[in-house]
């Protein structure tokens, strides 16, 4: 073996691989773990003394505010998880945001479902959202109400197609005229206006087409050059292919 090759071999043996500093590695791991855990630790150290709840219509519904009161004096992490769990399972809540406010307050902002329709059965009103879900049961209501004898619904239920159709018709008629009473029966939907005119609708079909037909009839009956006038008509029946005037 040549002398130059012997020297190269000696150099390779003398070169040592850099050793891993185990203490630096452990320190780095501990720092990363601390950074990851510190938000959780801080949340558990914060004790909640007040819960501030708001919705798009003002304060939160009273039943929600009362429910959250048991979380006072809990740590923020627990309170937040319980609030989110409850809101996730509450069908009256469309969306929400839960935030911490210094020094010890939880702020809740809700988007809640609000009643748009009502069904009256006996002495009670079923309040209904715009997606036709039953929200609650009340003793009174100022909403356009459909009278439906013997109806029984539970909060959280959705209406069937026939009742949805009847409410859509009632809502559209209420925009055009002052409704005194709306009643759904087997033979159809009966709506009585303030001027005592009674309108009969079917329980299925094209709601917009039916309302369009009603508007056209109403307009023509108020034309001065026509023989039949609105004051001569007591009923408009739209349950047939050709409307019937009585």
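Observations
- Residue within region 45-55 that is touching a strand residue (DSSP E or B) at 6+ places or on another chain (Cβ under 9 Å) and part of a helix (DSSP H, G or I) present: yes
- Subset of region 115-158 (residues that are without any contact (Cβ under 8 Å) to a residue 40 or more places away in the chain, touching a helix residue (DSSP H, G or I) at 6+ places or on another chain (Cβ under 8 Å) and in a loop (DSSP other than H, G, I, E, B)): 132, 144, 148
- Checked against the criterion of being in contact with a helix residue (DSSP H, G or I) (Cβ under 9 Å, 6 or more places away or on another chain) and closer than 17 Å to residue 62 by Cα, the candidates 98, 93 yield just one match: 93.
- Number of the exception - residue 141 against (1) over 30 Å from residue 192 (Cβ atoms); (2) in contact with a strand residue (DSSP E or B) (Cβ under 8 Å, 6 or more places away or on another chain): (1)
- Conditions (1) touching a strand residue (DSSP E or B) at 6+ places or on another chain (Cβ under 6 Å); (2) surrounded by fewer than 18 Cβ atoms within 10 Å (Cβ to Cβ); (3) farther than 17 Å from residue 121 by Cα; number of the one not met by residue 178: (1)
- Scanning region 163-175 for residues that are touching a residue at least 40 places away in the same chain (Cβ under 8 Å) and either over 30 Å from residue 88 (Cα atoms) or not in a helix (DSSP H, G or I) (or both) yields 169, 170, 171, 173.
- Among residues of region 66-88 that are touching a residue at least 40 places away in the same chain (Cβ under 8 Å), those with a Cβ under 7 angstrom from a residue that is surrounded by 15 or more Cβ atoms within 10 Å (Cβ to Cβ) and in a helix (DSSP H, G or I), sequence gap 6+ or separate chain, pair up as 68/83.
- The single condition among (1) touching a residue at least 12 places away in the same chain (Cβ under 8 Å); (2) crowded, with 16+ Cβ neighbours inside 10 Å; (3) at negative phi that residue 190 does not satisfy is (1).
- Counted residues, region 99-130 - those being modelled with pLDDT of 95 or more and loosely packed, with under 13 Cβ neighbours inside 10 Å: 0
- Hits in region 73-97 - residues which are touching a strand residue (DSSP E or B) at 6+ places or on another chain (Cβ under 8 Å), modelled with pLDDT of 90 or more and not in a helix (DSSP H, G or I): 91, 92, 93, 94, 95, 96, 97
The values are calculated or read from the model by the stated rules, or taken from the named source; none is laboratory data. What you see is a predicted model, and the numbers here were worked out from it, not measured in a lab. Heads up, the Cβs are rebuilt from the backbone with ideal geometry, glycines too, and the neighbour counts pull from every protein chain shown.
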